[in-house]
Amino acid sequence: MAIEEIAETTTTAATATTATTGTTAITDTIGTLDAADVTAATAATDATATAGSTAAAVTYPIAPGYQVNVRSGPGTTYKVVKVLPYNSRVPIRCQRHGQKVSGPYGTSDIWDSIAPGQYVSDTYVRTGSDGFVAAPCG
């Protein structure tokens, strides 16, 4: 393609068309979107949302025979925000280092964030690992 043709194509496509699906905006900066583009973009957005939901669905069991304190931060000096009942399962959003404690699964300073502002000691959660099983909390 000659330089003049590229310049003409770029000028013609300067006005981009935007399709919005849910809260995700998809912009075609090369030209205008046709129905196939919108369908493909919607499918990609739906697949991403489903993948995120599936990852969040992974839960880990609390040690049998324990009711576990959920704290506002990664240590026993933080306020108890709730107590998990026996036989609970929890999602792990992220993990961070905090106060070292001992529990049924050993001694560790790893704390699991199960929801915003809610932490449990990893020593009460059966993750199958002595290290992180989730991303570090930000």
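Taking into account only those residues within region 119-138 that are of a type in the set (Ser, Thr, Tyr) and assigned to a loop (DSSP other than H, G, I, E, B), which is least open to solvent (accessible area, probe 1.4 Å)? The extreme case among them is THR127. Quick check on my filter: what residues within region 60-92 are surrounded by fewer than 17 Cβ atoms within 10 Å (Cβ to Cβ), of a type outside the set (Gly, Ala, Ser) and touching a helix residue (DSSP H, G or I) at 6+ places or on another chain (Cβ under 8 Å)? Result: TYR66, PRO91.
With the requirement that a residue be part of a loop (DSSP other than H, G, I, E, B), under 21 Å from the mean Cα position of the chain (by Cα) and charged (D, E, K, R), what does region 68-118 give you? Within region 68-118, just ARG93 meets the criteria.
All of (1) out of contact with any helix residue (DSSP H, G or I) (no Cβ under 7 Å at 6 or more places or on another chain); (2) modelled with pLDDT of 95 or more; (3) not aromatic (Phe, Trp, Tyr) hold for THR50 with one exception: (2).
Of the residues examined, ALA41 is not one that is open to solvent by 50 Å² or more (accessible area, probe 1.4 Å) and at pLDDT below 95.
The values are calculated or read from the model by the stated rules, or taken from the named source; none is laboratory data. None of these values were measured; they are calculated from a predicted model. We place every Cβ from the backbone using ideal geometry, glycine too, and count neighbours over all the protein chains shown. Heavy atoms of the whole protein, side chains included, go into the accessibility calculation; ligands, DNA and RNA do not. Shrake-Rupley method; radii C 1.70, N 1.55, O 1.52, S 1.80 Å.
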